[in-house]
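Right, one structure below, let's go through it.
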């Protein structure tokens, strides 16, 4: 038996009301029903971080979160942190420092770093490594991701850089 | 940010479209039912319960497509879907096709399959045993199908390929040697673990088939599907959007025939999106068992080297034969060895099929040969760096008569990584260090085509079959076209790979795109330039020598004619384009590209380690990697390639291993299989790219991106050996193995 519940939540600042089956995962709601494909599905087991979105500002894995659990809460995806005509300073830092290759893990990293810098604007090297421990990347070897985040921690990339 | 890779902008914003983001109107979803049996006869398949479920459209099973026969890229050994027998755990046995993925997945539980177990051969040793069950009864070679040549199988055995190379007289050299040393090493199966699992959408419509796939070699997919289903090549279209990581795991052909068959059965578009666990059961790096022997004279000169490599190819051959051949070539290294006896075999086992993986056969061979080098040096009482330097082949010298002369100087790379450590006052010279070097021969087939279209407004379209898998190939092609046509980088767009549009190319892999496809783009741009200059010459009646391309048009010496003016006056209307075509064949450049390898992919690595003697855990606080890349086209991207490759090396050096227990995969999930995390990467990591502008590619570039994976494991093992006198011979160097070795030493 499939039960559906009406939920209303804020998606990237927009009030969203929708009826979802109780077993629907947040990632499927976001990608398949609401058409925001920037959030990537990879491990499906909450170990890789590719599907990271922010729930009330905190990073979570959308692949293991039930859609009904975001009722009356705020969800932010990669689309929500991308300025309408340009890049956020975090996105710019990743591009400038080559912190991505295939890009499949990148939206998850951008969301995690967004949360990190909001909570800790100037993280130490150890804090960066600790915070991004849950995001896997198979291409870059992480060195350039680390450099990108460190440049942000040092305030080297501004909103209108480059 | 006008010069940055356009693909990076699309990716950081989440706008980049991957295969998993595509939908085709009316498409159905397939869920693959996989074999739980290691080796078994299929007694029966009952799909009736699954079919009766609401939303299920059909179920594909072996008997539906048995008449199409088998496929392969080197050996024709693979059914579209298991027909009468399964050969490994994870082999597709049925595809449930339904309106939604949930329905397909739920209905898959209802497919009832009865197996009758067969004797199994799950390791190299079991498969080589005299009474081993045959995993394939006969071997059918496909000559020159994907690679030049083919496999040399041994009929009536599980050996699907053997490659031998002999130079000089090893026996005589060993008899005359002052010292002969033999070692044995093993290398495990490794999962590619691309962040985007294999996903394919196939749409059969009558006699034509369109496939969207995250494939590295779209023309190979096209060819296999054309042969298998009896379709004209021109009726098989393969479209490749951004690929979320490949590393060889999406090269040749993987699940495309399976998904195409599902679409053929229902005559509708079908999508199969695998999970990472599914992809871990789809392909993996070949494990290896290596015996290596070196004979040296009293002065430490290597007189002879012999090696026997056995590669675990899994249940289907894919390109495992090439992996074996390359492993034999790659075990030579950058050394001058007058006598060689090399033999490599690829062997079927009842495990996940082996496949190409970043530097095919390279990590297996280099792990053995570079660990062995330090063992030999220790045995003769020589410093390992001195032993290497004494035996290096010089630039211009051949390491084997049939291979191109070395186009680099390995002593320079060794010096650069050593300097990297010396230049840091923080570096501890008390910590254990180990070095390893590699020189590999990429299989960079010199066959490529490109189309470059220059439009009236000065914008340029580049069309190639190279896929954008993160390496920056599309931006590199755009940069080559822009430089050749003297137009800004921002004027050039590279189209996504689509066999209906892009001309034939062998594929994306083996570090070949920058050089081989890059040269074809350069040729196509030169052809376009020639055509536009011809227009000016004809219409303005000017000598061609006086004309040159400048940004936005052509300079006549006295004035600049815009592309608008040129097309308008030539064609009479205010529109038009020139279409430049460029081709690379083995005959290009007077045959200079035909000799193998096209360039040497080289690497030196130096590791500093810290060992926790209580737990056996190895940490690598510092690593330096050097490669001779000829010329850097995009520094950040090139460094990133080497850093990524080296990090994969840390993975297989320290913890990665796809494990099988009596044929059962025991860690084929992303929870159980560990890949390196950000906290595992050496905090001090120096990436050195040596540029001498002497490569065969545009501007003197060589290919790169594979070399840095090679020295990591032996460099770490050599550091462990130098400091503790323990020699780990089987990867990965887990804490338990290291701890046990430390205990044994006490």
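The values are calculated or read from the model by the stated rules, or taken from the named source; none is laboratory data. What you see is a predicted model; the values in this text were computed from it and never measured. For neighbour counting, all protein chains shown are included, and Cβ atoms are generated from backbone atoms with ideal geometry for every residue, glycine included.
Let's see how each residue does on (1) farther than 23 Å from residue B:629 by Cα; (2) within 14 Å of chain A (Cβ to nearest Cβ):
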{"site": "B:678", "(1), (2)": "yes, yes"}
{"site": "B:700", "(1), (2)": "no, no"}
{"site": "B:708", "(1), (2)": "no, yes"}
{"site": "B:715", "(1), (2)": "no, no"}
{"site": "B:723", "(1), (2)": "yes, no"}
{"site": "B:730", "(1), (2)": "yes, no"}
{"site": "B:734", "(1), (2)": "yes, no"}
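For segment B:439-469, which residues satisfy the criterion of being over 19 Å from residue B:147 (Cβ atoms) and part of a strand (DSSP E or B)?
Listed by number, the residues that qualify are B:439, B:450, B:451, B:452, B:453, B:454, B:455, B:460, B:461, B:462, B:463.
Which of (1) within 14 Å of chain A (Cβ to nearest Cβ); (2) under 33 Å from the mean Cα position of the chain (by Cα) is the odd one out, the single condition residue B:37 does not satisfy?
For residue B:37, the failing item is (1).
Condition (residue is buried (at least 24 other Cβ atoms within 10 Å of the Cβ), without any contact (Cβ under 8 Å) to a residue 60 or more places away in the chain and out of contact with any strand residue (DSSP E or B) (no Cβ under 7 Å at 6 or more places or on another chain)) applied to segment B:645-664: is it met by at least one residue?
Yes: segment B:645-664 contains one or more residues that are buried (at least 24 other Cβ atoms within 10 Å of the Cβ), without any contact (Cβ under 8 Å) to a residue 60 or more places away in the chain and out of contact with any strand residue (DSSP E or B) (no Cβ under 7 Å at 6 or more places or on another chain).
One residue is enough: does segment B:292-310 have a residue meeting the conditions without any contact (Cβ under 8 Å) to a residue 60 or more places away in the chain, closer than 26 Å to residue B:650 by Cβ and crowded, with 23+ Cβ neighbours inside 10 Å?
Taking every residue of segment B:292-310 in turn, at least one turns out to be without any contact (Cβ under 8 Å) to a residue 60 or more places away in the chain, closer than 26 Å to residue B:650 by Cβ and crowded, with 23+ Cβ neighbours inside 10 Å.
In this structure, does residue B:152 turn out to be in a loop (DSSP other than H, G, I, E, B) and in contact with a strand residue (DSSP E or B) (Cβ under 9 Å, 6 or more places away or on another chain)? Spell out the reasoning first.
On the way: in a loop (DSSP other than H, G, I, E, B): yes; in contact with a strand residue (DSSP E or B) (Cβ under 9 Å, 6 or more places away or on another chain): yes.
Yes.
Please go through segment B:72-84 and pick out each residue that is surrounded by fewer than 21 Cβ atoms within 10 Å (Cβ to Cβ) and touching a helix residue (DSSP H, G or I) at 6+ places or on another chain (Cβ under 9 Å). Steps first, please.
Taking segment B:72-84 first, the residues surrounded by fewer than 21 Cβ atoms within 10 Å (Cβ to Cβ) are B:76, B:83-84.
Passing the criteria: B:83, B:84.
Scan segment B:511-531 for residues that are in contact with a strand residue (DSSP E or B) (Cβ under 6 Å, 6 or more places away or on another chain), assigned to a helix (DSSP H, G or I) and buried (at least 24 other Cβ atoms within 10 Å of the Cβ) and report the count. Steps first, please.
Taking segment B:511-531 first, the residues in contact with a strand residue (DSSP E or B) (Cβ under 6 Å, 6 or more places away or on another chain) are B:511, B:516-517, B:519-521, B:523-525, B:527-529, B:531.
Within this subset, residues satisfying the condition of being assigned to a helix (DSSP H, G or I) are B:516-517, B:519-521, B:523-525, B:527-529, B:531.
Among the residues that remain, those that are also buried (at least 24 other Cβ atoms within 10 Å of the Cβ) are: B:516-517, B:519-521, B:524-525, B:528.
Residues in segment B:511-531 being in contact with a strand residue (DSSP E or B) (Cβ under 6 Å, 6 or more places away or on another chain), assigned to a helix (DSSP H, G or I) and buried (at least 24 other Cβ atoms within 10 Å of the Cβ): 8 in total.
Sort out which residues of segment B:143-161 are in contact (Cβ under 8 Å) with a residue 40 or more places away in the chain and either within 21 Å of the chain's Cα centre (by Cα) or farther than 18 Å from residue B:354 by Cβ (or both), and write them in order of number.
Within segment B:143-161, B:145, B:146, B:147, B:148, B:150, B:151, B:160, B:161 qualify.
Here is a list: B:478, B:448. Which entry is surrounded by 22 or more Cβ atoms within 10 Å (Cβ to Cβ) and more than 29 Å from residue B:564 (Cα to Cα)?
On the way: B:478 fails: more than 29 Å from residue B:564 (Cα to Cα).
So the residue among B:478, B:448 that is surrounded by 22 or more Cβ atoms within 10 Å (Cβ to Cβ) and more than 29 Å from residue B:564 (Cα to Cα) is B:448.
In segment B:1-22, which residues are at pLDDT 95 or above and either exposed (fewer than 15 other Cβ atoms within 10 Å of the Cβ) or more than 14 Å from chain A (Cβ to nearest Cβ) (or both)?
B:17
Among all residue pairs at least 6 apart or on different chains, which show Cβ distances below 8 Å where the first residue, located in segment B:324-348, is on the phi > 0 side of the Ramachandran plot and the second is buried (at least 24 other Cβ atoms within 10 Å of the Cβ)?
Here the result reads B:333/B:366; B:333/B:369; B:333/B:370; B:333/B:373; B:333/B:437; B:333/B:438; B:333/B:439, each pair linking segment B:324-348 to a residue that is buried (at least 24 other Cβ atoms within 10 Å of the Cβ).
Would segment B:657-673 turn up any residue that is touching a helix residue (DSSP H, G or I) at 6+ places or on another chain (Cβ under 9 Å) and assigned to a helix (DSSP H, G or I)?
No, that holds for no residue.
Which residues, taken from segment B:644-656, are part of a loop (DSSP other than H, G, I, E, B) and more than 13 Å from every other protein chain (Cβ to nearest Cβ)? Let's see the steps before the verdict.
Going through segment B:644-656, the residues part of a loop (DSSP other than H, G, I, E, B) turn out to be B:655-656.
If the condition is that a residue be part of a loop (DSSP other than H, G, I, E, B) and more than 13 Å from every other protein chain (Cβ to nearest Cβ), then B:655 is the only one that fits.
Given the conditions (1) in contact with a strand residue (DSSP E or B) (Cβ under 6 Å, 6 or more places away or on another chain); (2) in a helix (DSSP H, G or I), which single one is not true for residue B:220?
Among (1) in contact with a strand residue (DSSP E or B) (Cβ under 6 Å, 6 or more places away or on another chain); (2) in a helix (DSSP H, G or I), the lone unmet condition for residue B:220 is (1).
For segment B:695-709, state whether one or more residues are under 19 Å from the mean Cα position of the chain (by Cα), under 26 Å from residue B:732 (Cβ atoms) and free of Cβ contacts under 8 Å to residues at least 12 places away in the same chain.
Within segment B:695-709, not a single residue is under 19 Å from the mean Cα position of the chain (by Cα), under 26 Å from residue B:732 (Cβ atoms) and free of Cβ contacts under 8 Å to residues at least 12 places away in the same chain.
Would you check if there is a residue in segment A:32-42 being within 14 Å of chain B (Cβ to nearest Cβ), assigned to a strand (DSSP E or B) and out of contact with any helix residue (DSSP H, G or I) (no Cβ under 7 Å at 6 or more places or on another chain)? Before the answer, list the steps.
The first filter runs over segment A:32-42 and keeps only residues within 14 Å of chain B (Cβ to nearest Cβ), leaving A:32-42.
Right, trim to assigned to a strand (DSSP E or B) and you get none.
No, because not a single residue in segment A:32-42 is within 14 Å of chain B (Cβ to nearest Cβ), assigned to a strand (DSSP E or B) and out of contact with any helix residue (DSSP H, G or I) (no Cβ under 7 Å at 6 or more places or on another chain).
Scan B:361, B:381 and give me the residue that is crowded, with 23+ Cβ neighbours inside 10 Å and either out of contact with any helix residue (DSSP H, G or I) (no Cβ under 8 Å at 6 or more places or on another chain) or modelled with pLDDT of 95 or more (or both). Write out each step before concluding.
Numbers: B:381 fails: crowded, with 23+ Cβ neighbours inside 10 Å.
After ruling out the rest, the residue left standing is B:361.
Among the residues of segment B:399-411, write down those that are more than 25 Å from the chain's Cα centre (by Cα) and surrounded by fewer than 16 Cβ atoms within 10 Å (Cβ to Cβ).
B:401
Looking for something surrounded by 24 or more Cβ atoms within 10 Å (Cβ to Cβ) and under 17 Å from the mean Cα position of the chain (by Cα) - is there at least one such residue anywhere in segment B:257-265?
The answer is no; no qualifying residue exists.
Looking at segment B:52-69 only, could you name the residues that are touching a residue at least 40 places away in the same chain (Cβ under 8 Å) and out of contact with any helix residue (DSSP H, G or I) (no Cβ under 7 Å at 6 or more places or on another chain)?
Within segment B:52-69, B:54, B:69 meet the criteria.
Residue by residue through segment A:1-31, note down the ones that are in a loop (DSSP other than H, G, I, E, B) and free of Cβ contacts under 8 Å to residues at least 12 places away in the same chain.
Filtering segment A:1-31 for residues in a loop (DSSP other than H, G, I, E, B) gives A:1-3, A:12-13, A:22-24.
Correct list: A:1 only.
In segment B:191-208, how many residues are surrounded by 24 or more Cβ atoms within 10 Å (Cβ to Cβ) and closer than 13 Å to residue B:499 by Cβ?
0
Identify, by number, the condition in (1) within 27 Å of residue B:183 (Cα to Cα); (2) in contact with a strand residue (DSSP E or B) (Cβ under 6 Å, 6 or more places away or on another chain) that residue B:420 doesn't meet.
With respect to (1) within 27 Å of residue B:183 (Cα to Cα); (2) in contact with a strand residue (DSSP E or B) (Cβ under 6 Å, 6 or more places away or on another chain), residue B:420 is out only on (1).
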